[in-house]
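Input: a single structure, listed below in C-alpha cells.
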Amino acid sequence: MYYRQTMKELVSLGLRSIGIVTIISFFMGAVITLQTAYNTENPIYPTYLIGLGARDSIILEFSSTIVALILAGKVGSNIASEIGTMRVTEQIDALELMGINSASYIILPKVVATVIFNPFLTLISIITGIIGGWIVGTSAGVITSQDYIYGIQYAFIPYYITYSLIKTVFFAFIISTVSAHQGYHVEGGSLEVGRASTKAVVYSSVTILLFNVILTQLLLS
Amino acid sequence: MIRAEHISKSFGDRRVLTDISAVFEPGKTNLIIGKSGSGKTVFLKCLVGLLDVDEGEIYYNDVPFTRLDFRGKKELRQKMGMLFQGSALFDSMTVEENVRFPLDMFTGMSYPEKLDRVNFCLDRVNIVNSNRLFPSELSGGMKKRVAIARAIALKPRFLFCDEPNSGLDPKTSIVIDELIREITVELNMTTIVNTHDMNSVMENGEKIIFIEEGEKCWEGNRNEILKSDCSKLNDFVFANSLARQLKDSSK
C-alpha cells in the first residue's frame, strides 16, 4: 500500500513537474547566456567563456536553488493544501480511526517521492538550461555554436554536478516536510488551508535559501 | 458493549465534558443528543480515542481502551467503523477504492474476494453502478451511504456516527437512519449516533443520552423522552411549537 502510494506521489509531484521545470530552465539558460555575453563584451575575453559562465551558473545555482524555489511554490503549496484539506474534512481522523498512522501514510510517500525524483528534475533542468543557452545564444548572434560547445566543455569540474544534486536532495526534503507540517496542523476551514499553503511556500523558500548558504560553505569550501 | 465511566475533558481552561458515565449496549442504536456546542462530538471523539480523556475510563467489552498502548488501540480500532459528519471519503479514491481501503490495509484477502466484499457493502447501502465514481461526483446522501459501506467493510463490532443527517433533506435522512438501524441489528453492533435531529431521536432512539454544557442531564429512550420532567431536555426537544403540541397531545 505504501509502495503504491509512493508511486502515485512520484507521478503527482515528480512527473507532473517536468513541464514547468523544462520551460523555466530553457528560458533561464537563454537569459543567463545573453546576460553573460553582454557583460563580457571585451576583446580580451575569449567568447567561449560565455558558454563556461552559463554552464557553471546553471549547474551551481540555477538548476538546484532556483528550481527548488519554483518547486516550493508548485509542489509545496500542493502538499500543504492537499493535506490541509484532508485535515479539515476529517479524512485524517478517518485514517487514525482505522488504526493507520496518518502521518506515515500521507507524508512519508511524499517525502520519499520528492527526494527520489527532484535530482532527476535538476538534471533535466541542467540539460535544458544549457540547450536553451545554446539555441538562443547562437540565434541572437552573441556566440557561435562551436565556441558555446567548446565553452561548456572547458574546465569542467564533475564535482559541481554532485554538489548540485546534494543540494537538491536537501531542498526536496525541506519542501516536502515543511509543507506537510503546515498542512497536517491546519485547524479550521478553507481559509486556514489557504493560509497554510502560503506559509508552506514562504517557510520552505526561506529555509531553502538558508540551507543554500550553509551547504555551499560546507561543500565548496 | 461500550462503558464510559466518569469522563472529563478540558481544552486549556475550558471544561468541555464533566463526569459523564454511560453504557451503550450491542444491537441497539444509542443516541447522544444535545445542542450544538454541548460537547457531544468531543464525547464521541473521546470514545473512539481521537481525543484523550483527562479523567475517567472507557471499556470496550471490558477491555480498558484508555489504558491500551498504541498497538492495543490499533487492534481494537479495526473493530470500529465511523461515519463522519462530512462523510470523510478520500477525495483521490473512487467509491470502490474508498470501500476497499480498510480491506487493503488490514486483510490478506485476494482482489476478487475484496471486490466481492466491496460490492456486497455497496449493495447493502443501495449504491449500484457507482464503483468508478469519485466522491466529488456523488450527492450528499450517496456520500453518507458510501461512508457507511466503508465503515462496515471490516464487519465492525462498534459503529460511531457523527451527525449522520447533517446537510440532508428529511427523506434522505430517514433512509440513512433506517440503514443505520438495520445494519446495527444485522451485525449486532454497538452503535452510537450523535445527533440533534428529532426525527432520528423518535425513529432510532432505543437509548438516548442528553448532554447539556458538557454534563449528562438525562438518559432514557424515545418513549420516555415525551414524558420527561427534565426542563433542559424539554427546552431542547420541544423547541418548536409543533413539537410542543405533540408533547401536549401525548399527556
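The values are calculated or read from the model by the stated rules, or taken from the named source; none is laboratory data. Here the structure is a predicted model, which is why all the values come from computation and not from measurement. Note that each Cβ is placed from the backbone with ideal geometry, even for glycine, and that neighbours are counted across all protein chains shown.
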Looking only at helices (runs of 4 or more DSSP H) that lie completely in segment B:208-251, which have at least 3 residues being closer than 21 Å to B:Lys28 by Cα and modelled with pLDDT of 80 or more? B:222-225
Looking across segment B:69-93 at residues that are buried (at least 17 other Cβ atoms within 10 Å of the Cβ) and aliphatic (A, V, I, L, M), the single one that is farthest from the other protein chains (Cβ to nearest Cβ) is B:Leu83
Every listed condition ((1) in contact (Cβ under 8 Å) with a residue 40 or more places away in the chain; (2) surrounded by 16 or more Cβ atoms within 10 Å (Cβ to Cβ); (3) within 27 Å of B:Glu212 (Cα to Cα)) holds for B:Thr66 save (1)
Determine, yes or no, whether B:Arg15 is surrounded by fewer than 20 Cβ atoms within 10 Å (Cβ to Cβ) and closer than 25 Å to B:Val237 by Cα. yes
When you look at B:Val118, is it among the aliphatic types (A, V, I, L, M) and in contact with a Lys or Arg (Cβ under 7 Å, 6 or more places away or on another chain), yes or no? yes
Within segment B:11-23, does at least one residue satisfy the condition of being farther than 30 Å from B:Ser130 by Cβ, within 14 Å of chain A (Cβ to nearest Cβ) and at pLDDT 90 or above? yes
Of A:Thr128, A:Thr122, A:Thr114, the only residue that is at pLDDT 95 or above, surrounded by fewer than 23 Cβ atoms within 10 Å (Cβ to Cβ) and away from chain B (no Cβ under 14 Å) is A:Thr128
Answer yes or no: is there a residue in segment B:58-67 that is modelled with pLDDT under 90, at the interface with another protein chain (Cβ under 9 Å from one of its Cβ atoms) and in contact with an Asp or Glu (Cβ under 9 Å, 6 or more places away or on another chain). no
I'd like to know if segment B:94-111 contains one or more residues that are loosely packed, with under 15 Cβ neighbours inside 10 Å, in the same structural domain as B:His196 (by TED's automatic domain parsing) and of a type in the set (S, T, N, Q). no
Exactly one of (1) assigned to a strand (DSSP E or B); (2) over 25 Å from B:Lys143 (Cα atoms); (3) of a type in the set (A, V, I, L, M, F, W, C) is unmet by B:Val53. Its number? (1)
From the list B:Met142, B:Met105, pick out the single residue that is assigned to a helix (DSSP H, G or I), at negative phi and at the interface with another protein chain (Cβ under 9 Å from one of its Cβ atoms). B:Met105
Going by what's in this entry, would B:Cys121 be described as within 13 Å of chain A (Cβ to nearest Cβ) and either in a helix (DSSP H, G or I) or within 30 Å of A:Gln5 (Cβ to Cβ) (or both)? no
Could you tell me which residue of segment B:124-136 is farthest from the other protein chains (Cβ to nearest Cβ), considering only residues that are farther than 22 Å from B:Thr184 by Cα and not charged (D, E, K, R)? B:Asn129
